[in-house]
1. Compute the length gained on full extension between residue 102 and residue 165: take 0.36 nm times their separation in residues and subtract their Cα-Cα distance, giving the result in nm to one decimal.
2. Shape of the chain from its Cα gyration tensor (a ≥ b ≥ c, root eigenvalues): rounded if a/c is under 1.5, otherwise prolate when a/b > b/c, or oblate?
3. Percent of accessible area on the stretch 100-250 owned by carbon and sulfur, 1.4 Å probe?
4. Using a 1.4 Å probe, how large is the accessible area of residue 53, given in Å² and rounded to the nearest 10?
5. Could you compute the net charge surrounding residue 148? Neighbours are other residues with a C-beta less than 10 Å from the C-beta of residue 148; K and R count +1, D and E count -1.
6. Can you list the DSSP H helices in the chain whose Cα atoms extend at least 24 Å along the helix axis and whose mean Kyte-Doolittle hydropathy is 0.0 or higher?
7. For residue 94, what accessible area in Å² do you get when you roll a 1.4 Å probe over the heavy atoms of the protein chains, rounding to the nearest 10?
8. Per residue, how large is the accessible surface of the stretch 1-99? Use a 1.4 angstrom probe and give square angstrom.
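The values are calculated or read from the model by the stated rules, or taken from the named source; none is laboratory data. This is a predicted model, so every value here is computed, not measured. Quick reminder, even Gly has a Cβ in these numbers, built from the backbone with ideal geometry, and neighbours come from all protein chains shown. Calculation scope for accessible area: heavy atoms of the full protein, side chains included, ligands and nucleic acids excluded. Shrake-Rupley method; radii C 1.70, N 1.55, O 1.52, S 1.80 Å.
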Amino acid sequence: MGLPFDLGPGTAAALAIALLGAAFVRGYSGFGFSAIFIAFAALITNPLPLIPVVFACEILMTVFQARGIRGHVDWRRVLYMLCGAAIALPFSVTVMLSVGADTARIVISSIILVMSLVLLSGWTLQRRIGAWGHGGVGMISGACNSAGIGGLPVAAFMSAQPMQAAAFRATMIVYLTGLDIITLPLLWAGGLVSWDTAIGLVMAFPLLGLGVWLGGRQFLSASPSTFRRFAVMLLMTLSVLGLLRVLKGM
C-alpha cells in the first residue's frame, strides 16, 4: 500500500511523529489534536487534504475515551454550541475550499496564534453565559473548523469559566466529535474526502490509540491546567513558524 496524498517517506514519518504527539495532547487535555497536527502539517505540506483525516481521527479517539468521560460531559453546553456551529459551517467550508494552499496556511496559522494568545492571557468571564452565548461561540467555532481548528475558540471560552478539569476535558471531547461529524459530509461534498483519506486513517489508527492511552494516563496523575499551558505554547510556536514559512516564500 503506497503512501496517501503523494507524501514522501520523510514527510510521512514527520507527520506520524506529530500525530502521536497530538494524540497524547488530546488524551490529556481533551483538545488541541487538530490544531497541533494541522499547524505542523502546514510547515511541510498542503494541510487541506489532511483535514478530513484529522476529523476522522478525532471521532475515532472519542471511541477510545468514551468510557472514561461519560459521566463528566456538560451536554447542554455541547448542544447549544453544536447548534451554532451547524449554522456557520456550510459557509466557512465553502470559503476555505476556494482558497489556495498558501492562503490556507496563513489563515490556519493566524487563527491558531490569536486563539493561543487568548488562552494565555488569563481572560475570564465575569457573568454566567446562557444558551445564546454558547450558540455564538459555536458559530465562531464552526467558522474556524473549516481550517481544522474549531476546538480552540471553545477551549478559550470554556477555560475562562469555572469548570472542573474532568468536565472541561469531557465536554471538549464530545463537542469536537459532534463538530467533526457535522463537518465531514461538507468536506466530502467539496471533494476533499477520498480513498487517500481512508488509507490515512488506517495508517494513523495504532498511533492514535497509543497517544490517547498515554495522554489519559498522564491526565490521571498531573494537573490538566499545567499541560494545557504547555499545549498552547506549542501551538503558538507552530503558528509562528507556519506564518514565517509562508511569508518567506512570498
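1. Numbers: separation 63, 0.36 × 63 = 22.68 nm, distance 3.67 nm.
Gain on extension, residue 102 to residue 165, equals 19.0 nm.
2. Values: a/c = 1.42, a/b = 1.27, b/c = 1.12.
Cα axes put the chain in the rounded bin.
3. On the way: 5100 of 7410 Å².
So the carbon and sulfur contribution to the accessible surface is 69 percent.
4. Roll a 1.4 Å probe over it and residue 53 shows about 20 Å².
5. Details: positive: none; negative: 58, 180.
Result for the local shell: -2.
6. On the way: long enough: 9-29 (30 Å, 1.21); 51-69 (26 Å, 1.54); 75-97 (31 Å, 1.40); 101-120 (28 Å, 2.01); 165-189 (37 Å, 1.44); 195-221 (39 Å, 1.05); 224-249 (38 Å, 1.06).
In the chain, the long hydrophobic H runs are 9-29, 51-69, 75-97, 101-120, 165-189, 195-221, 224-249.
7. The value for residue 94 is about 90 Å².
8. Details: 4080 Å² over 99 residues.
Per residue, the stretch 1-99 has 41 Å² of solvent-accessible surface.
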